[in-house]
1. Any idea which of (1) within 32 Å of the chain's Cα centre (by Cα); (2) under 20 Å from ARG221 (Cα atoms); (3) hydrophobic (A, V, I, L, M, F, W, C) is the one LEU251 doesn't satisfy?
2. Test of understanding: among ILE155, ILE122, ILE160, which residue is in a strand (DSSP E or B) and β-branched (Val, Ile, Thr)?
3. Of all residues in region 318-345, which are in contact with a Ser or Thr (Cβ under 9 Å, 6 or more places away or on another chain) and buried (at least 24 other Cβ atoms within 10 Å of the Cβ)?
4. Could you check region 210-242 and list, in sequence order, the residues that are surrounded by 16 or more Cβ atoms within 10 Å (Cβ to Cβ) and charged (D, E, K, R)?
5. Would you list the strands (runs of 3 or more DSSP E) that sit entirely within region 363-455 and hold 3 or more residues that are surrounded by 15 or more Cβ atoms within 10 Å (Cβ to Cβ) and either without any contact (Cβ under 8 Å) to a residue 60 or more places away in the chain or out of contact with any helix residue (DSSP H, G or I) (no Cβ under 9 Å at 6 or more places or on another chain) (or both)?
6. So ASN383 ticks every box in (1) modelled with pLDDT of 95 or more; (2) of a type outside the set (Asp, Glu); (3) within 24 Å of LYS45 (Cα to Cα) but one. Which box is left unticked?
7. Taking the criterion of being of a type in the set (Val, Ile, Thr), in contact (Cβ under 8 Å) with a residue 60 or more places away in the chain and outside any helix (DSSP H, G or I), would at least one residue in region 223-244 satisfy it?
8. Answer yes or no as to whether LEU110 is buried (at least 17 other Cβ atoms within 10 Å of the Cβ), under 25 Å from SER432 (Cβ atoms) and not assigned by TED's automatic domain parsing to the domain that holds LEU427.
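The values are calculated or read from the model by the stated rules, or taken from the named source; none is laboratory data. Quick caveat: nothing in here was measured; it's all calculated off a predicted structure. We place every Cβ from the backbone using ideal geometry, glycine too, and count neighbours over all the protein chains shown.
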Amino acid sequence: MILEYDKHEQLQKNRKLTYKLRSRLIENFTTFPNNVTKIMTKELKHSDEFIKSLAEKYPTPFYLYDEKTLREHARLFNKAFAWNAGYKEYFAVKANPNPEILKILKSENLGFDCSSLAELNICERLGFVGEDIMFTSNDTPSAEYVKAKNLNAIINLDDITDIYVLEKCAGLPEVICFRWNPGLSVKVSSVIGNPVEAKYGLTTRQLVEAYRIAKAKGVKRFGLHTMIASNLLDEQFFLTTAKSLFDMTALIKKETGIEISFINMGGGFGVAYKPDQKTIDLIKLGQMIQAGYTEFNKVEPNLQIRLLTEAGRLVAAEAGVLVTRVIHRKDTYRAYIGVDASMANLMRPGMYGAYHHITVVSESGKKSNATQEVDVVGSLCENCDKFAVNRVLPTINIGDLLVIHDAGAHGYAMGFQYNGKLRCAELLLEESGNVRMIRRAETFDDYIATLNVNEW
């Protein structure tokens, strides 16, 4: 690893010479006009000079996270639901499992929603145990239930048959939660889809029966969970979801005699990826749900329920960017801007067609009013390896840096190694202004570490 970074200074010199040559060649073959239309802009938290200084020190691509933003977002959740005694936000570890990120969020009194054995192990190593962890999984191997039970985590079951699986492999704990799939007939999320077609959760009939069974088997405390949204910006949708959960607790009490101790409203709170969007107003949503809860308590005064959330995106997305460098330009039927990152670093645009805003940081420092419509692409052998399609951007030169916004959640975490691509470094901008590397970039030795190389 040290050798790779020692070579970086010489590589930077070679890079600049190569880019000058490529730029001169490209000028002779570029046929696409500039000045297409007005650019959509979005504020970047960091100055161009700061981004360029990091790119001189650390090889691109790399992720950069902002501690201040992470803390602000964590505090926003605690403020929005402070009216509910016992409220807790369980950060979805899947969104960004870097331990340094998790330690920051733990210091802001967040819990952690885990969905795999690896995520449970990370939390255990960081000293997170007990009801600071909620384990929400599906199609779950027995070993993962055993681990969750040993950590005394809140176990959230996805299927009625999981009661028996958990009982056999680990024994039933005193507290159990069930994931409810309300089976709505409308498609509420392009990612999760129509709940009727989603693989997650129990039907209403199964849910009531599951509580009966668990109670008969000695479970003492119960929770209710649902998650049917992904990146929705409409506060009304989440109010409707909360009210449906309140109503379900009343039904469960009527049918089984069980008083639900806590409701996990899930996540899916939307982030404004596009400049013309507005991130969900969490304070407003908290007030709306408080009013709904007050109305519910008039009908069910004896049900005092803790509220939980399990957001990942709204906590971390806006706290992270992916910095990549332009290494190629190609003009055929379209204008293509090639960068040294790929879909292996940030999967969302290629997998979902998701929009991530891009800011151009000119290597020369010169600002241009000229624009061009381009596709921003990586080098994977897949045509979906694109960060932007038909995007109007300022004129881009080889050697420029592109900053891809809102990549702090479901960014690095969804990375992969297809085509032998090595995962990049992760950097943290601390509140003090210091920047430190919290995960180094992978090397070829990492890539082959699990192979029997001595037999080659």
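1. For LEU251, the exception is condition (1).
2. Going through ILE155, ILE122, ILE160 in turn, just one is in a strand (DSSP E or B) and β-branched (Val, Ile, Thr): ILE155.
3. ALA319, GLY320, VAL321, VAL323, THR324, VAL339, ALA341, SER342, ASN345
4. Passing the criteria: only GLU235.
5. 371-377, 386-394
6. Failing condition for ASN383: (3).
7. Taking every residue of region 223-244 in turn, none turns out to be of a type in the set (Val, Ile, Thr), in contact (Cβ under 8 Å) with a residue 60 or more places away in the chain and outside any helix (DSSP H, G or I).
8. It is true that LEU110 is buried (at least 17 other Cβ atoms within 10 Å of the Cβ), under 25 Å from SER432 (Cβ atoms) and not assigned by TED's automatic domain parsing to the domain that holds LEU427.
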